[in-house]
Each structure stands twice: as structure tokens, then as C-alpha cells.
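The values are calculated or read from the model by the stated rules, or taken from the named source; none is laboratory data. Computed from a predicted structure; not experimentally measured. Every residue, glycine among them, receives a Cβ derived from its backbone with ideal geometry; neighbour counts consider all protein chains shown. In case anyone asks, the SASA skips ligands and DNA or RNA and just uses the protein heavy atoms, side chains included. Shrake-Rupley method; radii C 1.70, N 1.55, O 1.52, S 1.80 Å.
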Amino acid sequence: MTTTYLDVDGAAVGIAIAAPAYLEALAQQSLQQWTAVLRTRRVLVLLSDARSGGNSAEGRGLAVCPKAAASRGLVRQYQRRRDTVLLLGTGRASCANDDEPAGPAIAVPDLATAHRVQIPDPERLSFVLAPCSIVNDVTPLLRELRSRFPLLRGQHPDQWCYVASDAQLAARAAAEASDLVLDLNPTGRAEAAIPPGVAVRRVEALSDIRAADLADAATIAILSSPHPLYESVAATERPVVTAAGIIEVLSGLGPLSVVQHLARTAARTDIYARIAPTDGPASNKAPA
């Protein structure tokens, strides 16, 4: 029993079910159920900055993110000058693979903590963003802390990591443009990036995809791991299902267009233009 259609390249694609005679009625019912949801679709998938040459070390992943390592170095630097260090945000403080761990810092994950945290010496106080924190979640904390501790010093914004922020922006943009979100994330953290009112189906196995979910879904977003929004998990805990597996399934349910989404923020402070020699044209390049 089969149902086929011609793809955009003229190839015949479709659904086929083989079953013994005593299951023929059930197979026919299943074929009719899935045939009813055949249609042309778009699938939106996210390109993480770690895979596209952004803030993370390309080819090595977030585990050795250079900005995370730099943040840990700043914590040690501020502690050497005897400052109390505040670690802002809810990112992954351990995502830098650093042989020399930083000393303890005071975690300030939310606004309530920023409002009540007590500092032994407010004149010796610095902050660092926890690596992979979402910058838009951290800036309110920083405003509150600066109102309480005017002498607060800390990490230059050029050194902030935007990987998780960009991941959230890309996930939200994809979700807003979609009729259905298939969330493959094993930890559930992607839910914060999905706007209210968007249909979401958690997918831990291909069997979690239901024909009823796809009936009215012309555009489907896939949020999958590995991705900066998600905590790393042991290999044995990772779901068997992948974005590629989902795309393969959906490609049998009608002509499919796969659209890749990427959001990227780049900090660029043009300091060299401001310090260029006066006797020649301004240069944006660093001196040799």
C-alpha cells in the first residue's frame, strides 16, 4: 500500500506500508491517516553560532568557548585585586575548559538576588557575566546592582558572550514564523524562547510525531540539541531522534523546503580609528 507524489525535482516520493494480511485493515487506516496530512511545507532549523564560526571556538564547541575562558580569567583578575566578584545570569559557569579554576564568586541569577545581595566592601566590587547567559536577562540585574552599588566595576561589554542571546532570538523568530514547533531539547530550556500561543510538541522519539499535529502545519520549526540554549547532557541521555531524522520523515509527507535560521550579534568597538596617526589616513587595523 503506497501513496506517492512528485517532488519539485520530479522524483516520486511518498509513503509505503507493508503488513501481513491480518494487519491489512490497520495498515490501510494508518496510510489514510498520514495521506490526509500530505502537503507542501517549510521546516525552519537553527544554525548555532558554535557551528558557524561565531563566539565559540569553531570545531571545538561550547566546552572550550574562548569568551567563557576569558570570563573566568577576569574573575581571577578581579579577585587578585581583592574585589568581591558577582557572577551575573543563569548561564553555564563551567563551560570553559580551564585548568586553573577561578575562585568562588557570588552568583546573582535573577533580579530578586540582585535586590538583596549583601556585599562586605561595596567599594571593592566587580561583576562578570556567567558564560552563556542571555544578555537581555542580565541587563536588568546590572541596573539594579549599579543603583545599589555606584562603584561597581566589571567586564567590558565587548567581552560579553551573545551566543545564548542569539540562540534565543533565532528560536523565537523561527517559532513566531511557524504553525508548529517540534522541540527535541532534552532539558526543556527551549520553552522560554517560544512565544505564547505557538503550538509545541516535545519529541523524544519519532513516534511522538502525530498526524493530527501536522494537519494544519505549513511551517514547522525544529529546536534541537546541541544548541547554546541547552545544557550539555551525557551522550547516553541524548535523544535518539535528531533534526535530520525529523526532516527525513517530513520529506515523505509532501514537498519540503528546509530553511536555516541564524541570529548573530557582533560587538565592534572601533578604537583604532580613534587613535589613528594624525599625519596619515585613519586606519581601522591594529598596529603590526
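Across segment 210-219, computed HN-Hα scalar couplings (Karplus, 6.51 cos²θ - 1.76 cosθ + 1.60, θ = phi - 60°) run 10, 4, 4, 5, 8, 4, 10, 9, 8, 10 Hz from first to last residue, x flagging Gly and Pro. As a calculated quantity, the FRET efficiency between Val8 and Asp208 at R0 = 22 Å, using C-beta atoms, amounts to about 0.20. Note on Arg153 and Ala70: the model spin-label points, each 7 Å out from Cα along the C-beta direction, lie 1.9 nm apart. Net length available on complete extension from Thr139 to Thr40 is 31.4 nm, with 0.36 nm assigned per residue and the Cα-Cα distance removed.
Full extension of the chain between Glu123 and Ala267 gives 49.0 nm of extra length, using 0.36 nm per residue less the Cα-Cα distance.
Phi angles across segment 193-200 convert, under the Karplus curve 6.51 cos²θ - 1.76 cosθ + 1.60 with θ = phi - 60°, into 3J(HN,Hα) values of 8, 9, x, x, x, 8, 5, 10 Hz, Gly and Pro given as x. Surface listing: Thr265, Thr90 arranged by accessible area from highest to lowest gives Thr90, Thr265, probe 1.4 Å.
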